[in-house]
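Step one of this worksheet: look at the structure below.
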Amino acid sequence: MKTLLHNATEILLLLFLIITFLQSGIDKITDWNGNLSWLKGHFAKSPLKNSVPLLLSIVLITEVIAGVLCVAGIYEILALNKTDFAFYGAILSCIALLMLLFGQRMAKDYEGAKTIAVYFIPAMFLVFLLQG
């Protein structure tokens, strides 16, 4: 219980990233065609228009791995009082968010880009907390 309370901020931020990325990954897997169709339209006027399926696959893989690393990070904090997996999960989460931000900017969806920034702040804060 002491470990849980001592690492409450990190665990809550990891849970935030788990919910964010595992839900997103599961949605992409269960509705691949719907996501692909929407994204093709979203990027139709951008330089990324011909790469949407490949980029969606890369984002999917990155999100799922980030989510799994965050799950492993919570386990590692609670069981071993270590933060390696949590740190890797936080960094990969930031990379996934940067990929999404890049896509939104390329699509000239500035409102969508602002939303990504809201997710980036807690992810970066977690990287900061775990860096020491």
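FYI, it's all coordinate maths here, none of it is from the lab. It should be emphasised that the depicted structure is a prediction, and the values quoted were computed from it without experimental measurement. Methodologically, a virtual Cβ is constructed for each residue, glycine included, from the backbone with ideal geometry; neighbour enumeration extends over all protein chains shown.
Assorted remarks:
- Order of Thr83, Thr30, Thr9 - criterion: other Cβ atoms within 10 Å of each residue's Cβ, fewest first: Thr30, Thr9, Thr83
- With a cut-off of 15 Å between beta carbons, the residues surrounding Met99 carry a summed charge of 0, where Lys and Arg count +1 and Asp and Glu -1.
- Degrees between helix 8-30 axis and first principal axis of the chain (Cα, 0 to 90, nearest 10): 30
- Stretched out straight at 0.36 nm per residue, the stretch from Lys40 to Ala72 would grow longer than its current Cα-Cα span by 8.2 nm.
- Pairs of Lys residues in the chain, spaced 8 or more positions apart or belonging to different chains, with C-alpha separations under 15 angstrom: 6 in total.
- Under a model in which nothing but the beta-carbon of Lys, Arg (+1) and Asp, Glu (-1) is charged, the chain shows a dipole of about 380 debye around its Cα centre.
- For the chain, calculated [θ]222 nm from helices alone, where every DSSP H run of n ≥ 4 adds -39500 (n - 2.57): -29000 deg cm²/dmol
- In plain terms, the residue of Glu76, Glu111 with the fewest other Cβ atoms within 10 Å comes first and the most crowded comes last, giving Glu111, Glu76.
- Residue order, fewest to most surrounding Cβ atoms within 10 angstrom, among Thr20, Thr115: Thr115, Thr20
- Springs between Cα atoms under 10 Å define the GNM used for the chain, and in it the highest mean-square fluctuation of Ala86, Ala113, Ala96 occurs at Ala113.
- For the pair segment 75-104 and segment 35-57, the centres of their Cα atoms are 25 angstrom apart.
- Nearest-ten-degree value, helix 52-80 long axis tilted from longest Cα axis of the chain: 10
- Summing charges over neighbours of Phe21, with a neighbour being any other residue whose Cβ is under 11 Å away from its Cβ, gives -1 when K and R count +1 and D and E count -1.
- Once the Cβ-Cβ distance of Glu111 and Thr30 is raised to the sixth power relative to R0 = 25 Å, the FRET efficiency obtained is 0.45.
- The residues neighbouring Glu63, those whose beta-carbon lies less than 15 Å from its own, together hold a net charge of -1 under the Lys/Arg +1, Asp/Glu -1 convention.
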